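Only one structure is covered here, and it is reproduced in the block below.
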Amino acid sequence: MTHAPFAEFTLGEARAQRDSTHTTRRDHLVATATPVRPSIGPQPQDTRFFGHPRGLSTLFFTEMWERFSYYGMRALLILFMTAPVAAGGLGFGTAKAGPIYALYVSSVYLLSLPGGWVADRVLGLRRAAFAGGVIIMSGHICLAIPSMSTFYLGLVLIAVGTGLLKPNVSALVGTLYTPEDVRRDAGYSIYYMGINTGALVAPIVTGWLAQGETFGRALDSAGIGAQTSWHWGFGAAAVGMFMGLVQYTLGGRHLSPEWLRPVRPSDPAAAAKIDRQVRIAGLATLGVVLLGAALVGTGAVTLDAEGISRNFKWVLLAITAAFFAWLFLQGEWTREERKRLVVITVLFVAAAVFWMAYEQAGSTLNLFAQRSTNNVIFGHGFPASWYQSLPALYIILFAPLFAWLWVRLGHRNPSSPAKFAIGLCLLGLAFAVMIGAASAAAGGARVSPIWLFVSYLLQVLGELCLSPVGLSAMSKLAPARVAGLVMGVWFLASAVGNYLAGMAASVYETMPLPTLFALVSAIAFGTALVLALLVRPIRRMLERQ
């Protein structure tokens, strides 16, 4: 299989892949089986979009604009929170901003799991994606309003909306092709070019609005005030999501109407079971909301964003522990299956470590770009947030090269666990580079942008080694009867890694930067070493599947 060139391979793609292989289940972190409809998209002769179904253009541009809104806002988030109040920011220290950022980015991935369930059981893929887009746009509009209360509401709305939209738009790509259509993999590759395009352009646009001197002077000249520029950047993200919704609505005729409805099994007993699950989930959600409102309203609990963020680690720990406890305590596993579960656990840890370091692009490395980097090239200054475009640019440039390389190597192609280890080594090197950068910046000096250019390049090369093989390895190792559940491990690892990446920013002002980056580098190298020692046994296990 040709893997997509980005770390955006969500549970939606996994669901679409399972559907495409005629699986009889479409469970989304739910152990109960649910029959699914076969792919009923356009037939292979539909070649109106670069040889692919016309519906791909709808999903391509919808996702491009959604990623524009996400990465455009993420490039600004921690910089906005830590900017002085006089400059239009919130004036938070990194000890407060880091946990809030961590909670937000982790929730985006964690909520993708129930987001797929809601689509499958309640709304249907298409309606879930549209509802998610509306919620995301509303969240960005809240951020564009200069108010502390709307700021927190905006983060919640974007996280919830992304959980609804992201996995389900990705799953819709799979419905455009029949199971035998050889264009499926190429279709996903085109789709990911949309992701990368949005991620590349967004920080440039929102960064120029939020941090660009030219736009700031224009705001001052108009009597609006340059301190409002951050909210213009967030507003641009809202416009991006609006454009995505327009594209999705106008292009909806190219998507099958069958996916407007949730999946309903033909067996009445199975359908009744799903209805009970939906009612229970709805009542439980309502109960939690009412209980929370009562506790806050009576003063029994005080809402504190920083405290909630810091305590969120216990939620992640509980979810992770419960999942793996259930997985290992099942009594019907064979000896071979139990060995595979051990390997899944190892890969989970490796993936969480990778994302812990890689996703610091939006936290510690973003702060380093703002505070310790001389952001001038050829005599022209540029906003610190523009560095956030580098990963997407590198992926666009190097993903085709890596795809060619793996094919060229043929039987010498490294195994999946070996690629994991290589990716972690490259990540360790990336943060080793940052040790030098942080040391050079000691005492308040500003270093050359080359340090970040090189670090991001090494990170992306590592990502191209690890990310595309992650789900593939999980799918090979997962026992067939819990394939969908185990797919969720990959996204749970992303949630854990993103949380840790955000929390790293909380010590940015208290831990010496060379020490912080050295710690991250050592963890990456150490995990790579352990994984390298396990390459041969894991490879033998994968080859037996």
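Things to note:
- Of 304, 181, the sequence from fewest to most neighbouring Cβ atoms within 10 angstrom is 304, 181.
- Listed by Cβ neighbour count within 10 Å, with the fewest neighbours leading, 372, 147 appear as 147, 372.
- Residues 140, 411 arranged by fewest to most Cβ contacts within 10 Å: 411, 140
- Close Lys pairs in the chain, defined as Cα atoms under 23 Å apart and 8 or more places apart or on different chains, number 4.
- Overall shape of region 66-159 was characterised from the C-alpha gyration tensor. The equivalent ellipsoid obtained from it has semi-axes of 28, 14, 10 Å, in decreasing order.
- Debye intensity ratio in log₁₀ form over the Cα atoms of region 401-545, taken at each q of 0.11, 0.22 Å⁻¹: -0.51, -1.43
- For region 106-230, the alpha carbon convex hull comes to 123 Å³ per residue, rounded to a whole number.
- Computed per residue of the chain from DSSP H runs no shorter than four, each worth -39500 (n - 2.57), the mean residue ellipticity at 222 nm is -24000 deg cm²/dmol.
- Protection-proxy order for peptides 462-473, 259-270, 274-285, 351-362, each taking the mean of Cβ atoms within 10 Å per residue, highest first: 351-362, 462-473, 259-270, 274-285
- Restricting region 176-278 to GluC sites (Glu not before Pro) in coil, as DSSP defines it, with at most 11 other Cβ within 10 Å: 180
- Note on residue 293 and residue 319: the extension gain reaches 7.0 nm, defined as 0.36 nm multiplied by sequence separation minus the Cα-Cα distance.
- Computing Cα extents along the principal axes in Å directly from the structure and comparing it against (i) 65, 56, 50; (ii) 81, 60, 54; (iii) 95, 57, 39 singles out (i).
- Simple spin-label estimate for residue 510 and residue 334 gives 5.1 nm between the two label positions (7 Å along the Cα-to-Cβ direction from each Cα).
Only the coordinates and a few stated rules stand behind these numbers; no lab work does. Just so it is clear, the structure is predicted and the values come from calculations on it, not from any experiment. A quick note on method: Cβ atoms are made from the backbone with ideal geometry, for glycine too, and the neighbour counts reach across all protein chains shown.
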